[in-house]
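Everything below concerns the one structure shown next.
The values are calculated or read from the model by the stated rules, or taken from the named source; none is laboratory data. All values derive from a computational prediction rather than experimental measurement. Using ideal geometry, Cβ is built from the backbone for each residue, glycine included, and neighbour counts are taken over all protein chains shown. Accessible surface is based on the protein model in full, side chains and every heavy atom, while ligands, DNA and RNA are left aside. Shrake-Rupley method; radii C 1.70, N 1.55, O 1.52, S 1.80 Å.
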Amino acid sequence: MIEQMTTFVDALSRYPFLQNAVLAGVLVGVLCGVVGTFIILRGMALMGEAISHAVLPGVVLSYILGATGFFAGAVLTGTIAALGIGYITENSKIKDDSAIGILLTGMFAIGIVMVTSLGGTNVDVWHILFGNVLAVSRTDLWITFVITIVVILSVLVFYKQLILSTFDPTMAKAIGLPTKWIHYILMIVLSLVTVVSLNTVGVILVVAMLITPASTAYLLTDRLPIMLVLSSTFGVISAVVGVYLSYIYDVATGASIVVVAMAIFTFVFFFSPKQGVAIQWFRRLSTGKV
Amino acid sequence: MTQAIEVDHLSVSYYGKTVLDDVSFEAETAQLIGIIGPNGAGKSTMIKAIMGMIPTNQGNVRVLGNRVDQVRKQIAYVPQRSMIDFDFPVLVEDVVVMGRYPHLKWWQRPSKKDREKASDSLRAVGMEDYGKRQIGELSGGQQQRVFLARALAQESDVLFLDEPFAGIDVTSEEIIIHLLRQLKAEGKTIFVVHHDLSKVETYFDTLMMLNRTLIGYGKTNEVFTPDRVSETYDGNVARLSGNQNQVVIG
């Protein structure tokens with residue numbers, strides 16, 4: 001264990017690609033932790049899943065057209081999916097989980113069709129789907145950094161609008177907050193988060209980074225600011241430990257990160273002081289109620 | 001004197017189905033008004049239409065003599081408890097301080113004064129010892145009092161309460177009705193969506209009977225007649241005892 005850590009630290013000091021990987025992981029951990037908190041509190045986990053898959057055609061399109069349109073393409077198809085889901089539920093009797101299912105798979109399939117139709121080009125579908133953290137460039141890092149800072153500042157500035165529209169959308173609407181806009185801006189942020197997480201965890205697993213650390217934090221606190229901090233912390237821990245494990249054991253980085261996030265969740269689920277399932281069981285046992 | 005609320009030929013429909021049909025009424029200030037009617041009668045819809053939260057087919061609504069978006073601060077809303085996620089990571093005092101949000105600029109944080117106002121409101125509903133509790137740790141009646149405290153903190157002239165007495169304890173109910181009467185005495189106009197017909201006459205001096213259209217509106221002792229009640233509830237009402245004025249919805 002000690003030896004492996006020394007190896008990792010040694011490699012970290014030597015290889016810029018590994019430094020970039022860890023930095024990207026930290027940024028993605030913070031970003032997903034913050035955005036994910038609002039996603040799960042708004043009951044939009046499935047929506048997050050949909051948007052993250054729906055960016056695929058946009059990403060493929062930007063690969064074809066060149067890197068300049070990378071974000072634009074992804075945000076475009078992500079937003080189309082978000083609007084499409086809203087449009088279907090508002091204009092028919094289709095429930096939103098079905099609308100999400102249709103667009104999630106549909107957009108994803110369009111992306112796959114686009115990739116496969118390109119044949120022998122340099123678009124590596126594996127990397128888009130599962131990430132390729134070792135390919136993170138300095139530019140990617142800067143973009144991720146800027147987006148993370150913008151998201152954190154927005155949450156700080158618009159904290160009261162966010163908490164009210166999430167907790168009590170009716171009052172938010174009654175006092176004139178633009179609840180629809182808040183919803184769609186969150187969807188756009190989701191598309192952005194997916195794109196910047198592309199190299200680290202990939203399209204398929206990014207939703208885990210949004211939902212798992214936030215859910216873990218949700219089990220541990222009764223206060224939103226603390227939940228935001230905890231969620232980001234779990235995101236960062238998952239990312240760093242995940243990159244470490246993937247380097248040492250030579251396994252897929254994105255998956256490794258998600259496995260760590262899941263392990264933390266599992267531990268907290270059973271052993272959190274207030275709501276832990278095992279803790280409650282022990283408590284009942286000691287009071288003789290089992 | 002300006003009316004608190006003027007509603008003129010208001011109609012609302014969802015998916016082509018008419019939920020509210022040609023409702024017109026005026027409410028003076030300083031009134032405690034009960035809104036009764038069966039499920040799907042359009043009670044919540046009407047509140048939301050008055051607050052400008054849903055598109056209307058036709059009709060005019062004026063609140064305190066103005067268009068609603070000019071007086072949003074002056075309208076407080078207490079939601080149905082079933083609409084709230086009580087697992088939300090928020091403390092009681094944080095909920096009450098939300099009542100101050102309409103008075104803050106978009107970039108402003110609640111000040112010390114806002115927090116003080118919030119704790120005064122919490123004291124008014126007898127919940128001052130629960131400020132640091134998570135909202136879901138309270139009983140239904142206590143939660144309802146917290147949301148009323150939030151409305152008090154808003155210091156608005158018009159209040160809408162959606163079923164505040166549904167499934168709460170007697171103490172909470174007494175505290176709430178006492179406060180509503182006090183607010184009325186201070187000149188506020190309060191609308192309460194209500195289900196329990198046995199309390200209608202004791203609680204409300206003005207009553208609105210709604211079933212897609214306005215069946216009756218006026219002084220409770222004038223409009224709350226067996227015929228109108230029966231019409232409001234599509235005849236699904238049995239009168240139990242004449243002298244106690246007990247009514248049961250069946």
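General observations
- Scan of segment A:256-282 for residues that are of a type in the set (A, V, I, L, M) and more than 23 Å from the chain's Cα centre (by Cα), ordered by number: A:277, A:278, A:279
- Meeting the requirement of 3 or more residues that are over 16 Å from the mean Cα position of the chain (by Cα) and modelled with pLDDT of 90 or more, the strands (runs of 3 or more DSSP E) wholly within segment B:1-104 are B:5-14, B:17-27, B:58-63.
- Of the candidates A:198, A:210, the single residue that is crowded, with 21+ Cβ neighbours inside 10 Å and outside any helix (DSSP H, G or I) is A:198.
- Residue B:91 fulfils the conditions (1) among the aliphatic types (A, V, I, L, M); (2) open to solvent by 50 Å² or more (accessible area, probe 1.4 Å); (3) farther than 30 Å from residue B:42 by Cβ except for a single criterion, (2).
- Taken as a whole, the condition of being hydrophobic (A, V, I, L, M, F, W, C), under 21 Å from residue A:196 (Cα atoms), within 14 Å of chain B (Cβ to nearest Cβ) and surrounded by fewer than 18 Cβ atoms within 10 Å (Cβ to Cβ) applies to residue A:153.
- All positions within segment A:216-233 that are within 14 Å of residue A:265 (Cα to Cα), open to solvent by 30 Å² or more (accessible area, probe 1.4 Å) and part of a helix (DSSP H, G or I): A:218, A:230, A:233
- Of the set (1) without any contact (Cβ under 8 Å) to a residue 40 or more places away in the chain; (2) facing chain A (nearest Cβ under 9 Å), all apply to residue B:118 but (2).
- Among the residues of segment A:252-290, those identified as at pLDDT 90 or above, touching a Leu at 6+ places or on another chain (Cβ under 9 Å) and open to solvent by 50 Å² or more (accessible area, probe 1.4 Å) are A:259, A:265, A:269.
- Only one of the listed residues (A:173, A:160) is of a type in the set (Lys, Arg), within 30 Å of residue B:147 (Cβ to Cβ), open to solvent by less than 20 Å² (accessible area, probe 1.4 Å) and within 12 Å of chain B (Cβ to nearest Cβ). That residue is A:160.
- Test: residue in segment B:73-86 that is within 11 Å of another protein chain (Cβ to nearest Cβ) and more than 29 Å from residue B:4 (Cα to Cα): yes
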